[in-house]
Amino acid sequence: MSLLKILIFPDPRLRTVAEPVGVVDESIKKLSEDMLETMYEGSGIGLAATQVNIHKRVFVLDISPDKTEPRVFVDPEIVEILNPEKKSYSEGCLSIPGFYEEVKRPSKVKVSFTDLNGQRQMDEIEDLMAVVVQHEIDHLNGKLMVDFISSVKREMIRKKLLKSKV
C-alpha cells in the first residue's frame, strides 16, 4: 500500500466528473487499499478517488471509532432519498483542511454500488454514514462542500488555502 497525494481546494482537478469503473479489477482493489491508507493517515472518514487525482467513480469510508470497518463503493449512485427531511451536519474534508461547515443533507438514502467482488449491492444508509456517502458522491460529480456555503465564505476559504500553500 502507498499514500496518495490529496488535491487541495481550489485545485481545478477537484471539479472533474469521475468516469464509471465498470469492471472491478486488481487496479481498483489496489486503488481502494491506497485510498484507505491515505484516508486513515489524514484522519478522515471518507475519501473519493477524485481527491487523489484519479477520476474513477470510487470512494472509501470508515466511520467506526476504531477504524476497523472500511467500506469501498464502486460506481455508487443514490437511487432514493428515504427521508427527505434534511439534517445539518458539520462537515470537514481532506481537500479543504482545517475548515468545517454546516451542510444540510437528507439523513437517510438508498445507495446502489458495486463491491470489490464485482457484485452490485443496494444499501439503506442513514445518519453520519449517509452524510459521508453523499459528500463523497458529490466529489465524484465535481462538487465540493464549499458549494453549499455562501460565495463570500467560499472565497475566504479559497484565499486562506492558497496563502497556506506558498
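Out of (1) touching a Ser or Thr at 6+ places or on another chain (Cβ under 6 Å); (2) without any contact (Cβ under 8 Å) to a residue 24 or more places away in the chain; (3) among the polar types (S, T, N, Q), what's the single condition that is false for Asn83?
Of everything listed in (1) touching a Ser or Thr at 6+ places or on another chain (Cβ under 6 Å); (2) without any contact (Cβ under 8 Å) to a residue 24 or more places away in the chain; (3) among the polar types (S, T, N, Q), Asn83 misses just condition (2).
Of (1) out of contact with any Pro (no Cβ under 6 Å at 6 or more places or on another chain); (2) surrounded by 14 or more Cβ atoms within 10 Å (Cβ to Cβ), Leu162 satisfies all except one. Which?
Of (1) out of contact with any Pro (no Cβ under 6 Å at 6 or more places or on another chain); (2) surrounded by 14 or more Cβ atoms within 10 Å (Cβ to Cβ), only one is false for Leu162: (2).
Any residue in region 64-87 that is under 24 Å from Phe148 (Cβ atoms), among the acidic types (Asp, Glu) and at pLDDT below 95?
For region 64-87, residues under 24 Å from Phe148 (Cβ atoms), among the acidic types (Asp, Glu) and at pLDDT below 95: present.
If I filter region 141-156 for residues that are among the basic types (Lys, Arg), at pLDDT below 95 and either touching a Lys or Arg at 6+ places or on another chain (Cβ under 9 Å) or within 20 Å of Thr38 (Cα to Cα) (or both), do I get at least one hit?
no
Show the residue pairs that are 6+ apart or on different chains and have beta-carbon atoms under 6 Å apart, the first residue being within region 39-65 and buried (at least 21 other Cβ atoms within 10 Å of the Cβ), the second being among the small types (Gly, Ala, Ser).
So the pair list comes out as Thr50/Ala18; Gln51/Ser95; Arg57/Ala18; Val58/Ala49; Phe59/Ala48; Val60/Ser32; Leu61/Gly46.
Exactly one of these conditions fails for Val17: (1) part of a loop (DSSP other than H, G, I, E, B); (2) closer than 22 Å to Lys153 by Cα. Give me its number.
(2)
The values are calculated or read from the model by the stated rules, or taken from the named source; none is laboratory data. Here the structure is a predicted model, which means the values were calculated and not measured. Methodologically, a virtual Cβ is constructed for each residue, glycine included, from the backbone with ideal geometry; neighbour enumeration extends over all protein chains shown.
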